[in-house]
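Inspection log for the structure reproduced underneath, given as structure tokens.
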Amino acid sequence: MDLVVAPDDRAAAATGAELLAGWLTAAVDARGAATVAVSGGRTPWLLFADLAERDLPWDAITVFQVDERLAPDGSDERNLTHLAAALAAAPVRIVPMAAATADPDVAADRYGAGLPERFDVVHLGLGPDGHTASLVPGDPVCDVTDRPVALTAAPYQGCRRMTLTAPVLTGARRQLWVVTGDTKRPVLPRLLAADPQIPAGRVVTAEAIVVADTAAAGPDGVPGGSPAREDG
């Protein structure tokens, strides 16, 4: 796993956008189309807004969601609300999770049926508690392996969630992790070490690049983690 350290969250977002743009373009060149599953968060919205301004083969790229809160359409709680706004400048197809439905289990199965056999890239974040996507510590959703999309058993931060499951995340050709903020500093070494005691550590792969800002990585890189190279 490669760690890239950027000076701040905006630089981390720009570095992530550059990596993602290269990988998606390469996937289109190799296979005629590209698929990416994306997570939510303040820094990711910066990343996707940057990406949307780039000259990419947008007609061949499809964006899926890594996870979503079970909240009404248009709600500020929904990742889709912010994702659509961030990518507004790009003529890209977004496949939304149907999170505002009376039967989320059926919606999860339908979303799973529409996923590609293998994502070209999944974009992931890291929570201070070690969660990624909506694979939340202590929730049975972390152990689901028999279906590609599942629901959390209980609300997390006020909402139940729909999420891609661990096998889908680990099966992607590439993983882009973007980790920012000092609350992530204690858990980032555990991600880099693929610590199975946290959900994120259970889905990281050898094909991953982690982009972290100095708030998350520390001024000298991550103690006990991989050597860092400075970027930006």
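The values are calculated or read from the model by the stated rules, or taken from the named source; none is laboratory data. Computed from a predicted model, the values in this text were never measured in an experiment. With ideal geometry, Cβ positions are generated from the backbone for all residues, glycine too; neighbour counts draw on all protein chains shown. Surface areas here come from the heavy atoms of the whole protein model, side chains and all, with no ligands, DNA or RNA. Shrake-Rupley method; radii C 1.70, N 1.55, O 1.52, S 1.80 Å.
Of the peptides 102-113, 122-133, 167-178, how do they stack up when ordered by the mean number of other Cβ atoms within 10 Å, highest first?
Values: 102-113: 14.8, 122-133: 23.5, 167-178: 21.3.
Ranking, from highest mean packing down: 122-133, 167-178, 102-113.
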Task: Label corresponding to Kirkwood radius over Cα pairs in Å when calculated from the structure given, among (1) 18.8; (2) 17.5; (3) 20.0 - done: (2)
Task: Cα gyration tensor category, rounded, prolate or oblate, for the stretch 38-89 with a/c compared to 1.5 - done: prolate
Task: GNM result for the chain, Cα springs below 10 Å: residue of G218, G201, G114 fluctuating most strongly - done: G114
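Using only helices, what value at 222 nm comes out for the chain when you add -39,500 (n - 2.57) per DSSP H run of length 4 or more and divide by the total residues, to the nearest 500 deg cm²/dmol? Mind showing how you got there, number by number?
Values: 8 runs with 71 residues, N = 232.
Helices in the chain give a 222 nm mean residue ellipticity of -8500 deg cm²/dmol.
Taking all protein chains as present, what is the carbon and sulfur share of the accessible area of the chain, in % to the nearest whole number, probe 1.4 Å? Walk me through the intermediate numbers first.
Numbers: 4870 of 9800 Å².
Whole-percent figure for carbon plus sulfur exposure: 50.
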